[in-house]
Every structure is written in structure tokens, then in C-alpha cells.
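The structure appears below as C-alpha cells.
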Amino acid sequence: MNNYRHQLLFAYRTSVNETRKKESAIDFYQSLLYNPRFNFNRLDLANRIASEKMGISDSDFTRSLLKENLTNSDKYDFVFFNRELPYYEVCVSGVCTFETSFEIKEMELQSNPKFFKPLTDVFVTLLPVEKKSILLIGFVRDYNPKCDNFYHKLFEQADDETIIQHISDLMLLQIENWITSISFYYSQIFPNESKIKSILHWARQNWNERFSIDYNVFKS
């Protein structure tokens with residue numbers, strides 16, 4: 001995964017998939033909003049639709065940069081971090097927002113100019129390959145200094161255990177697109193389903209998505 005073009009293609013694929021998920025969510029919310037048989041909170045549904053549309057707009061911004069980098073070999077607008085990790089029969093492919101819900105609300109209340117800019121997309125890919133797992137994390141270079149500093153520090157200073165914990169946190173708090181082998185599911189997921197469901201329920205009300213959970217899906 002050291003080839004920049006391959007890294008861009010992984011990110012682009014993930015971005016397109018994320019946008020399609022948001023489009024499907026909008027279709028679902030609109031079907032509820034305009035169906036007289038249902039009595040859902042119309043304001044809540046409208047806010048959900050607006051949030052999904054904002055997310056699509058942010059993805060469009062990042063994807064336009066990805067396209068420019070794919071078509072122009074002189075452009076390097078993205079930074080990607082690679083790490084070889086112990087072998088886990090888990091695949092992850094998703095986009096998360098670096099800014100936490102609390103930070104976004106704070107920017108909104110303060111009328112911070114950053115609130116009116118696209119948020120920071122972080123592309124996360126984890127693939128098991130030949131008895132090792134390859135982790136790839138990327139984002140727009142120098143777009144958000146906090147994001148740059150966070151991941152530079154993580155990949156330069158943290159050991160594998162810390163990075164694996166971070167991936168577990170992302171899987172439970174932000175990234176929906178991950179799958180496991182049957183054996184991993186029965187050894188790691190199935191025995192802990194109640195715990196995982198409880199975390200996922202809590203995550204929907206949590207405003208700090210960079211929180212590190214006292215649980216790791218990769219560990220017994």
C-alpha cells in the first residue's frame with residue numbers, strides 16, 4: 001500500500017460508498033417524512049436529511065481533490081499512513097470525521113469560519129494479507145492541523161497495541177463498514193455481543209468520537 005495512486009483509489013472507493021449510504025439514508029427519511037401513514041417527528045427527520053446532505057457535500061469536496069490527484073501525477077494533496085499489524089481476519093473500509101460532535105457544535109455556536117468549511121474526512125482501510133494485516137489511514141494534507149498532529153504522533157510514537165485499540169474505537173464509534181471471518185466472529189464478537197450492543201447504543205449519544213473505549217474487539 002505504499003503506492004500513492006493505489007492509496008488514492010482505496011480512498012476514492014471508500015468515499016463513493018459512503019456517499020451512496022448517505023443517499024440511501026436520505027431516500028429512507030424522505031419516505032417517512034412524506035408518508036401520511038407515519039407520525040414521525042418531522043423536524044427530526046428534516047434535520048437528519050440536512051445532516052446527510054451536508055455530509056455528501058463534504059465528501060464531494062474531498063472527492064474532487066482525489067480526482068485531481070488521480071489525474072495529475074504532480075499533485076500530492078493527501079497524506080497516507082501505512083502500518084503492518086498482526087494478522088486479524090477483519091476487513092475495515094470506511095470514512096470517519098476527525099472533528100468530534102462536541103467540536104462541531106462548539107464551532108457552530110461560536111460562528112467559527114471552520115464550521116462553514118467541509119469537515120475533515122479520514123479514510124480507514126484494514127485488510128488481512130498473507131498472515132498480516134495492512135492498515136491505511138489518509139486525509140487531506142495540512143487541512144486540519146489537529147488531524148495531522150494526531151496521526152503523525154500515533155504512527156510515529158505509538159506501538160501496535162495502541163494503534164489496534166484506535167482501530168477498535170473507530171469501528172465501534174464511527175465506522176460502520178467492517179466485516180469479520182466466521183471464526184473471528186465466533187471467537188471475538190459473538191461472546192461479547194451484549195457488550196458491543198451496549199457500546200453502540202452509548203456511541204449514538206456520545207459527543208466525543210475520539211474517546212478511547214475500555215474494550216477492544218480484537219482482544220479476548
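The values are calculated or read from the model by the stated rules, or taken from the named source; none is laboratory data. From a predicted model like this one, the values you see are computed outputs, not experimental measurements. Note that we place each Cβ from the backbone using ideal geometry, even for glycine, and neighbour counts take in every protein chain shown.
Please count how many residues of the stretch 87-112 are at pLDDT 95 or above, over 10 Å from the mean Cα position of the chain (by Cα) and not in a loop (DSSP other than H, G, I, E, B). Final tally of qualifying residues: 2.
Specify the residue that is surrounded by the fewest Cβ atoms within 10 Å (Cβ to Cβ); the eligible residues are those in the stretch 198-212 that are more than 16 Å from the chain's Cα centre (by Cα) and not polar (S, T, N, Q).
His201
The C-beta contact set for the stretch 75-87 (first residue in contact (Cβ under 8 Å) with a residue 24 or more places away in the chain and more than 14 Å from Tyr12 (Cα to Cα), second residue assigned to a strand (DSSP E or B) and among the basic types (Lys, Arg), distance under 6 angstrom, 6+ apart or interchain) comprises Glu84/Lys132; Tyr87/Lys132. Scanning the stretch 116-142 for residues that are outside any strand (DSSP E or B) and touching a residue at least 12 places away in the same chain (Cβ under 8 Å), which turns out farthest from Glu18 (Cα to Cα)? Among those that are outside any strand (DSSP E or B) and touching a residue at least 12 places away in the same chain (Cβ under 8 Å), it is Lys131. Checking each residue in the stretch 16-46 for being in contact with a Phe, Trp or Tyr (Cβ under 7 Å, 6 or more places away or on another chain) and either within 30 Å of Asp77 (Cβ to Cβ) or small (Gly, Ala, Ser) (or both) picks out no residue at all.
Listed here are the residues, each with its yes/no results for (1) assigned to a helix (DSSP H, G or I); (2) surrounded by 13 or more Cβ atoms within 10 Å (Cβ to Cβ); (3) at pLDDT 95 or above; (4) in contact with a Phe, Trp or Tyr (Cβ under 9 Å, 6 or more places away or on another chain).
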residue	(1), (2), (3), (4)
Arg48	yes, yes, no, yes
Ser51	yes, yes, no, no
Gly55	yes, yes, no, no
Lys67	yes, no, yes, yes
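Note on the stretch 72-104: among residues that are charged (D, E, K, R) and surrounded by 13 or more Cβ atoms within 10 Å (Cβ to Cβ), the one that is nearest to Lys146 (Cα to Cα) is Glu99.
Residues in the stretch 177-207 that are within 29 Å of Arg13 (Cβ to Cβ) and in contact (Cβ under 8 Å) with a residue 40 or more places away in the chain: Asn177, Trp178, Ile179, Thr180, Ser181, Ser183, Phe184, Asn206. Each residue in the stretch 159-176 was checked for being within 19 Å of Tyr87 (Cβ to Cβ) and free of Cβ contacts under 8 Å to residues at least 60 places away in the same chain, and 6 pass. Candidates are the residues of the stretch 143-197 that are assigned to a loop (DSSP other than H, G, I, E, B) and within 15 Å of the chain's Cα centre (by Cα); the one that is surrounded by the most Cβ atoms within 10 Å (Cβ to Cβ) is Ile175.
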